[in-house]
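Undergrad: This structure is in structure tokens; I'll ask about it shortly.
The values are calculated or read from the model by the stated rules, or taken from the named source; none is laboratory data. The structure displayed is predicted, hence computed values, not measured ones. Reconstructed Cβ throughout: ideal geometry from the backbone, glycine too, with neighbour counts over all protein chains shown. Accessible surface is based on the protein model in full, side chains and every heavy atom, while ligands, DNA and RNA are left aside. Shrake-Rupley method; radii C 1.70, N 1.55, O 1.52, S 1.80 Å.
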Amino acid sequence: NIWIGTEDAGLNKLDPKTGIIKHFMPNGKGSISYRNIHGLLADGNELWIGTYEHGLDVMDMRTEKVIRHYDANMGPGSFRSDFIVTLHKRRNNEILVGTWNGLFRYNRANDNFTPDSFFNMQIQSIHEDKDGTLWVASYGKGIFYHNPQTGERGNLKYEPANPNSLPNNYVNSLYGDSSGDLWFCTEGGLTQYSK
């Protein structure tokens, strides 16, 4: 199935074999918490659903019911923002949650979240390259990267005197292609970056 999040029309499931689309809207217990969806991530039989200002839902894709909900009011071990912009699953199965106020790592054993102090800005997109480096697009502060194994970290941003810098610090998305190059979608244009 193909799961589609919309700005204000809820969640949709497209069955590519039949062409049938099933719509999901907030309608009580077991339903999604809000109609404005931003981040989606499939993890086994679970669909993680990031919403605009209504936290994070986890749906069992077999029953199509929300089985867990997380929000900023859960106290220690939660995130500081209910705007869940993006979700990413690393190769080691760690789930990352990009919010309006930073990056959070999901702790499966404790069923809670830990903030990542390096990525403490408005997160727009997350990518892990073949070397294990995390690349994070921010809205207003450029691109941040960190490799936990080597300790290498840094920030790519717009520099007026440098024609090879980002064209803009507002980066809405990033993509890693099969050759290892990164593509940054900024509000000033598209940029290709080779490591």
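Undergrad: Could you identify the single residue in MET59, MET121 that is hydrophobic (A, V, I, L, M, F, W, C), part of a loop (DSSP other than H, G, I, E, B), open to solvent by less than 40 Å² (accessible area, probe 1.4 Å) and touching a strand residue (DSSP E or B) at 6+ places or on another chain (Cβ under 7 Å)?
TA: Working: MET59 fails: part of a loop (DSSP other than H, G, I, E, B).
MET121 is the lone residue from the list that is hydrophobic (A, V, I, L, M, F, W, C), part of a loop (DSSP other than H, G, I, E, B), open to solvent by less than 40 Å² (accessible area, probe 1.4 Å) and touching a strand residue (DSSP E or B) at 6+ places or on another chain (Cβ under 7 Å).
Undergrad: Does GLU187 fit the bill of being touching a Phe, Trp or Tyr at 6+ places or on another chain (Cβ under 8 Å) and free of Cβ contacts under 8 Å to residues at least 24 places away in the same chain? So that I can check it myself, show each step before the final result.
TA: On the way: touching a Phe, Trp or Tyr at 6+ places or on another chain (Cβ under 8 Å): yes; free of Cβ contacts under 8 Å to residues at least 24 places away in the same chain: yes.
Yes, satisfied.
Undergrad: When you check ASN45 against the structure, is it among the polar types (S, T, N, Q) and closer than 19 Å to GLU94 by Cα, yes or no? So that I can check it myself, show each step before the final result.
TA: Details: among the polar types (S, T, N, Q): yes; closer than 19 Å to GLU94 by Cα: yes.
Considered against the rule, which asks whether it is among the polar types (S, T, N, Q) and closer than 19 Å to GLU94 by Cα, ASN45 comes out as yes.
Undergrad: Could you list, in sequence order, the residues of region 38-56 that are open to solvent by less than 70 Å² (accessible area, probe 1.4 Å) and over 19 Å from THR6 (Cβ atoms)?
TA: Selection gives ASP43, GLY44, GLU46.
Undergrad: Could you count how many residues in region 62-86 are in a strand (DSSP E or B), open to solvent by less than 20 Å² (accessible area, probe 1.4 Å) and out of contact with any His (no Cβ under 8 Å at 6 or more places or on another chain)?
TA: 1
For (1) crowded, with 17+ Cβ neighbours inside 10 Å; (2) in contact (Cβ under 8 Å) with a residue 12 or more places away in the chain, each residue gets a yes or a no:
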site: GLU159; (1), (2): no, no
site: ASN162; (1), (2): no, no
site: LEU166; (1), (2): yes, yes
site: SER173; (1), (2): no, yes
site: LEU182; (1), (2): yes, yes
site: LYS195; (1), (2): no, yes
